[in-house]
Amino acid sequence: MRAAAARAPRGRSLRRLRFVAWVVGRNPPTMLGLGLVAVFLLLAAIGPWIVPDARDAVGAMHLGSKLLPPSWAHWFGTDEMGDDILTRVVLATRTSLWVGLTITGIAIVVGTPLGIAAGYFGGRVRSVIMRATDMFLCVPGLVLALAIVAALGPGILHGVVALAIVWWPGYVRLIEAKALPLRGEPFVDAARTMGSSDLRILLTHILPNCVSPLVVKASMDMGMAILAAASLGFIGLGAKPPAPEWGAMISTARSYMPDSWWYSLFPGLFIFLTVLGFNLLGDGLRDILDPRSARG
Amino acid sequence: MRRRNFLIASSAAAAAAGLHTQPADAFVREGKRKVLVFSGGQPVPVLDPHVKYDYSTRMMQQSIYDALAKYVDNPARIVPWLAKSWESSPDGKTWTFHLVENATFHNGDPVDAEAVRFSYERGLKLNKGVAWMLKDHLDPSGIKAADPHTVVFTLKSAFPGFLSFVPWWFIVNPKEVMAHAVNGDMGQKYLTDHAAGSGPFKIRRWDPQAVMDLQAVANYWKGWPEGDANRPAGVIYQVIREPAPRKAALLRGQVDMVTDMTPQDYDQLAKTAGIKVSSNPGMTPFTIMMNTQHGPTADLNFRKALAWAMDYKAFLQVENGAAKLMDSPFPNAMAGHIAVPDMPHHDLEKARAYLAKTKWAKGGLTIDYVYVAGLEVERQLGLAVLSSLQPLNIKVNVQAMPWPQLVARGSNPQTGPAMIAVYVTPVSTDPDVVASQYASSAAGRYWGMHHLSDPGLDKMVETARLETDPTKRMALYAEIQKRIVADQPAIFGMMEDRRWAMRDDVRGFVFCPVRLTGEVDFYPMWVA
Amino acid sequence: MIRFIVRRLGLMLLMLSGLVVITFLVSNVAPSDPAALAAGPDATPDMIATIRHEYGLDRPLPVQFLRYVAGLARGDLGHSIVTGHAVATDLATFLPATLELVLLGMLIAVALGMPLGMWAAVRRDRAVDHVARIFAVSGMALPEFWIGLLLLLVFSGWLGWLPIGGQLSIADAPPAPITGMVLVDALLHGRLALFWAALRHAILPAVVISLPALASVVRVNRAEMIEVLHADYITAARAHGVSRARIVGILALKNAMLPTLAMIGLRFGWMLGSTVLVETVFDWPGIGLYAVNSAVSSDFKPVMGTTLIIGVLFMVANLLVDLAYGLLDPRVREAGE
């Protein structure tokens, strides 16, 4: 029975993949999202080799040419240390990617098992887990991050910790909602009567059914986590200088407004386009993978 | 090219809105009189003159309160104020102040010897703010009101620096303060956002986070230097936290004077019609304190290597040239300052020579540079340090910390970072203020985070502090400056110029170096 | 229903205690000496100790925690070590400005978002729809602090149309507080000029803070509308000759109202949190700016107080949304019991 079950989805998944490609192709916003995400990943991968001068991200100084407006030599202008903003913005991509992945990753790793446990076991386990989840849901993430700045000082790791604390409850809720109805499904009952252990049921029956919504949410969350991390950079939890980070760059650039407008414009544009990319992609994925919840 | 276009565009927009030609807005008038509007980035959470001081706070305190004497002019002089004269006994222990007869508090009470005695006692007993200046030399019992217009201070020991602190001890009205005392707080709660002073201004509206509106006291007991016709109706201190909107407010004529701007802003404002920038030599050394007890910087040769490796020119560039490199641990305006021979400058050969005498001849280590989170210039200087030490193969971890955490870490030699960026404005021109920062008694204090322990230096500082012969005293301080440089507990950086930008109808501004960076004395000022 | 509310209130209390523990722990993870800041850079160690003692910071952490909790029970959120002010008083001073901003933002989100979402639905898969969809997603993707800076740059810096920040310029003394919200108070006092001045200050930050909510409202309304347009009774109504405009205008609006309000209610807590950014950019004297300024000086009690108050408001908003849903939608009420 298991072998048959395993074979059938493969054929289905191939067909499904073609269907997905077709749907995406006909959906301009999703295409746009995919494109933006692809560019973002590409920049993160090859950034150091394509930027004008990678040393500008590790503490080089050209104080003779500080705060120059965009020009042919410096497409995005220069900052207060005379460093090329294009270089720094591009190299900050990796930091943001890392932050987005870490926050989303921690949230999934913490939230999914809790959600599955709550949904599958129900009863007291569920109510304890869900109450804890509710509690963390009402922690205002940015303000908590402020408290962390006040206590620990700036540092991107501190920001990641603050965001991870408030990020996982979303996954518990999502997975719990998916797992709860599965509990009473005949195939779960059947597995149980055939002597499967709880763990096995969870891994082979419940978890696979939660993958689609998980992928959709993770894609959306990548964008939101990057945005939240940039916000932390702005309020002072950014990367350690001289490492470039978008939010921190805008925070510094604020002192040089309005005359050096380019300094805050470009990092912000990068945040916006990256987050937009992940959001559009997530939106499109939801339409395809999880059509029933395509609202709100 | 693009930039020029933008400048033209923005000044055109400003001209279109009539910004440059328009006088300050109508609200800054009161009848025929004008109100001077000043803007800085720092609020005034605690007005109490015995509890707290920083530039914005003391600017308000100096406006609302008087002291026995006052610092004016450049170079700074101490002139009589509530005291019309004073004398000290030959042994330097007893100081007698004779008060003016006509001074009154804003509520009409006379400023008498008891008020002075009470204020000093309060300052000492609260043990906050200004207390450190005198507490080692004066007990509350040593202050006597001999008659209504004579106060006698009997110090525990001779202390030539005594007078240099007197201008910072403001006199409060004992009756008003004690009437509002709760739970034995000597009126601290009340004076946090109320005043009980005798100064040229009194509070009209007090929103310490945003707008502090002061009204000129028409019949101020000392009169108005600009004449009653020119006297302003009052002064408003408006807090605008970010430099960009502060600059815009100045350009639009919503404020008359600003401080706390970026070097770029000052350069640009200086070129703007209708705005003038006052640039003055600073007295606030930027130094990088090194941990002399723990880690690689415990090795004098390592410290010397760092000091000689610094690219001091970059420090100046960060300030757009509006700064002066230090040629001594003492700021130039300090009494007894000398240019110390052989002051470290950028010389990589020498730096390498010193480094060769350490365990880290080839570098290959990482040290911390810690600065106060949010201080933009300190961050940029940290990057300059990072770049300076690259040739020595020393990596620098540039780390921001909130002030309280920085102090918590730095005040313990075991946890103290290798380098801490520090700005300290000496509160007076008495050289002891700076010299004692390098004595071992400085341990545990903000500027003592170098943890230097040089018994010889301690002795020199102690002797110089109590020396009453001025010539001998200054000679001692010359030796002290050389000794400090030899010990190299810090990298002596630069002194940032003190700058203010104001509309060109602002009159009467006088720079005085002992005031804190940004602090202005409003008393002689008005708007034409 | 009553049982439901009581149970929820009990849960809120539990959640609140959790929040208190979290914020207290966070505030004390690192060695820090806020008393040193309050004492000033020249202070001697014994002066710092004086302040430490005054604020009870020299006591063991568990004692500090118990004292804090005991204070909370009396409505005392502790004192700021920088100003000496009671945090509860400070929050009461600054909260109205924040609420004003958030409420105005919600108003903008609903007033603009509902028609836009419906329009997009009616023209589904056409250009308008794609634009609305990209716009809706953009609203979520725009960094508020960045767009705030750009709007300031353009409307206040270059065009000079709007003031540069704050709640009122120094020329205008705030109205005598009734609600504490300047806009509302100005209206209540009948001072239209002041209202206008305050509105000019509030409009940019309110627009910025509304963007993510606006995006959500557009999405919700688009989805609701699409559903409604396909519903049987609409087809029936159209077959009976009811005009399209009428269908869109009345039936769909009625249906979209509840989810929109729920969405806005749930967004409320989020918007409160983001005031930290928006108030910083616009120098808006609310609790967000208060928290930021306090955090800069490691003044923990105000930061903890702000965290708690936002947490509580968030819980209350959620409860109200649930109640509204329960009252209006019997299915939810049954599920909630």
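Report whether or not B:ILE203 is modelled with pLDDT of 95 or more, closer than 22 Å to B:LEU36 by Cβ and within 26 Å of the chain's Cα centre (by Cα).
Here the answer is yes, as B:ILE203 does meet what is asked.
Enumerate the helices (runs of 4 or more DSSP H) found wholly within the stretch C:226-332, keeping only those where 2 or more residues are facing another protein chain (nearest Cβ under 10 Å) and of a type outside the set (Val, Ile, Thr).
By residue number, C:253-282, C:287-296, C:300-328.
Hey, can you tell me all the residues within the stretch C:49-66 that are over 18 Å from C:LEU37 (Cβ atoms) and in a helix (DSSP H, G or I)?
C:LEU61, C:PRO62, C:VAL63, C:PHE65, C:LEU66
Residues in the stretch C:148-171 that are part of a loop (DSSP other than H, G, I, E, B) and either at the interface with another protein chain (Cβ under 8 Å from one of its Cβ atoms) or under 15 Å from C:ALA206 (Cα atoms) (or both): how many?
12
Any residue at all in the stretch B:110-129 that's assigned to a strand (DSSP E or B) and either crowded, with 19+ Cβ neighbours inside 10 Å or among the polar types (S, T, N, Q) (or both)?
No - not one qualifying residue is present in the stretch B:110-129.
Among (1) at pLDDT 85 or above; (2) of a type outside the set (Gly, Ala, Ser); (3) more than 30 Å from A:SER96 (Cα to Cα), there is one condition C:LEU150 misses while meeting the rest; what is its number?
Just one mismatch for C:LEU150, condition (3).
This table checks each residue for (1) under 30 Å from C:SER169 (Cβ atoms); (2) charged (D, E, K, R).
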| position | (1), (2) |
| --- | --- |
| B:ALA249 | yes, no |
| B:ASP256 | yes, yes |
| B:LEU269 | yes, no |
| B:THR292 | no, no |
| B:THR297 | no, no |
| B:PHE302 | no, no |
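How many residues does the stretch C:66-92 contain that are closer than 15 Å to C:VAL303 by Cα and modelled with pLDDT of 90 or more? It would help to see each step written out before you state the result.
Going residue by residue through the stretch C:66-92, those that are closer than 15 Å to C:VAL303 by Cα are C:68, C:72, C:76-92.
Narrowing further to those that are modelled with pLDDT of 90 or more: C:68, C:72, C:76-80, C:86-92.
Matching residues across the stretch C:66-92 total 14.
Please specify each residue of the stretch B:26-66 satisfying the condition of being part of a loop (DSSP other than H, G, I, E, B) and more than 10 Å from chain C (Cβ to nearest Cβ).
Selection gives B:GLY31, B:LYS32, B:GLY41, B:GLN42, B:LEU47, B:PRO49, B:HIS50, B:TYR65, B:ASP66.
Mind telling me which of the residues B:ARG303, B:ARG241 ends up being within 13 Å of chain A (Cβ to nearest Cβ) and of a type in the set (Lys, Arg)?
Only one candidate qualifies: B:ARG241.
What's the total number of residues in the stretch B:143-202 that are on the phi > 0 side of the Ramachandran plot and acidic (Asp, Glu)?
First, pick out the residues of the stretch B:143-202 that are on the phi > 0 side of the Ramachandran plot: B:183-184, B:186-187.
Remaining after also requiring acidic (Asp, Glu): none.
Qualifying residue count for the region: 0.
So C:SER216 passes all but one of these: (1) of a type in the set (S, T, N, Q); (2) more than 13 Å from chain A (Cβ to nearest Cβ); (3) assigned to a helix (DSSP H, G or I). Which condition number does it fail?
Of everything listed in (1) of a type in the set (S, T, N, Q); (2) more than 13 Å from chain A (Cβ to nearest Cβ); (3) assigned to a helix (DSSP H, G or I), C:SER216 misses just condition (2).
Counting just the residues of the stretch A:130-147 that are under 22 Å from the mean Cα position of the chain (by Cα), closer than 20 Å to C:VAL278 by Cβ and part of a helix (DSSP H, G or I), which one comes out farthest from the other protein chains (Cβ to nearest Cβ)?
The residue in question is A:ALA145.
Which is closer than 27 Å to C:ALA36 by Cβ and assigned to a loop (DSSP other than H, G, I, E, B), of B:LEU452, B:LEU457?
Values: B:LEU457 fails: assigned to a loop (DSSP other than H, G, I, E, B).
Being closer than 27 Å to C:ALA36 by Cβ and assigned to a loop (DSSP other than H, G, I, E, B) holds for just one of B:LEU452, B:LEU457, which is B:LEU452.
Is one or more of the residues making up the stretch B:382-390 modelled with pLDDT under 95, part of a loop (DSSP other than H, G, I, E, B) and surrounded by fewer than 23 Cβ atoms within 10 Å (Cβ to Cβ)?
Looking for residues that are modelled with pLDDT under 95, part of a loop (DSSP other than H, G, I, E, B) and surrounded by fewer than 23 Cβ atoms within 10 Å (Cβ to Cβ), one finds none in the stretch B:382-390, hence no.
Picking from C:ASP90, C:ASP58, which residue would you name as being within 30 Å of B:TRP132 (Cα to Cα), out of contact with any Cys (no Cβ under 6 Å at 6 or more places or on another chain) and more than 13 Å from chain A (Cβ to nearest Cβ)?
Result of the check over C:ASP90, C:ASP58: C:ASP58.
Any residue in the stretch A:211-235 that is within 10 Å of chain C (Cβ to nearest Cβ) sitting within a Cβ distance under 6 Å of a residue that is among the β-branched types (Val, Ile, Thr)? List the pairs, counting only those 6 or more apart or interchain.
Pairs that qualify, where the first residue is within 10 Å of chain C (Cβ to nearest Cβ) and the partner is among the β-branched types (Val, Ile, Thr), are A:GLY223/A:VAL275; A:ILE226/A:THR274; A:ILE226/A:VAL275; A:LEU227/A:VAL275; A:ALA230/A:ILE271; A:PHE234/A:ILE250.
From the list A:PHE266, A:PHE278, A:PHE234, exactly one residue is buried (at least 24 other Cβ atoms within 10 Å of the Cβ) and under 20 Å from A:GLU80 (Cα atoms). Which is it?
None of the other options fit; the residue is A:PHE234.
Restricted to the stretch C:39-85, and to residues that are touching a residue at least 12 places away in the same chain (Cβ under 8 Å) and at positive phi, which residue is surrounded by the fewest Cβ atoms within 10 Å (Cβ to Cβ)?
If we take residues in the stretch C:39-85 being touching a residue at least 12 places away in the same chain (Cβ under 8 Å) and at positive phi, then C:GLY75 is surrounded by the fewest Cβ atoms within 10 Å (Cβ to Cβ).
Sort out which residues of the stretch A:51-71 are within 19 Å of A:ALA243 (Cβ to Cβ), within 31 Å of the chain's Cα centre (by Cα) and either at the interface with chain B (Cβ under 8 Å from one of its Cβ atoms) or outside any helix (DSSP H, G or I) (or both), and write them in order of number.
Within the stretch A:51-71, A:VAL51, A:PRO52, A:ASP53, A:VAL58, A:GLY59, A:ALA60 qualify.
Of all residues in the stretch B:390-446, which are more than 20 Å from B:MET283 (Cα to Cα), at the interface with chain C (Cβ under 9 Å from one of its Cβ atoms) and touching a Leu at 6+ places or on another chain (Cβ under 6 Å)?
B:TRP403, B:PRO404
What's the total number of residues in the stretch C:172-206 that are touching a residue at least 60 places away in the same chain (Cβ under 8 Å), assigned to a loop (DSSP other than H, G, I, E, B) and either within 14 Å of chain B (Cβ to nearest Cβ) or buried (at least 16 other Cβ atoms within 10 Å of the Cβ) (or both)?
Looking only at that region, the number is 3.
I'm told B:ALA248 meets every condition in (1) surrounded by 24 or more Cβ atoms within 10 Å (Cβ to Cβ); (2) more than 14 Å from chain A (Cβ to nearest Cβ); (3) free of Cβ contacts under 8 Å to residues at least 60 places away in the same chain except one. Can you identify the failing condition by its number?
With (1) surrounded by 24 or more Cβ atoms within 10 Å (Cβ to Cβ); (2) more than 14 Å from chain A (Cβ to nearest Cβ); (3) free of Cβ contacts under 8 Å to residues at least 60 places away in the same chain applied to B:ALA248, the lone miss is (2).
Go through the stretch B:172-208 and report how many residues are more than 10 Å from chain C (Cβ to nearest Cβ), farther than 19 Å from B:VAL116 by Cβ and not in a helix (DSSP H, G or I).
Count: 10.
The values are calculated or read from the model by the stated rules, or taken from the named source; none is laboratory data. None of these values were measured; they are calculated from a predicted model. As a convention, Cβ positions derive from the backbone with ideal geometry for all residues, glycine included, and neighbour counts pool all protein chains shown.
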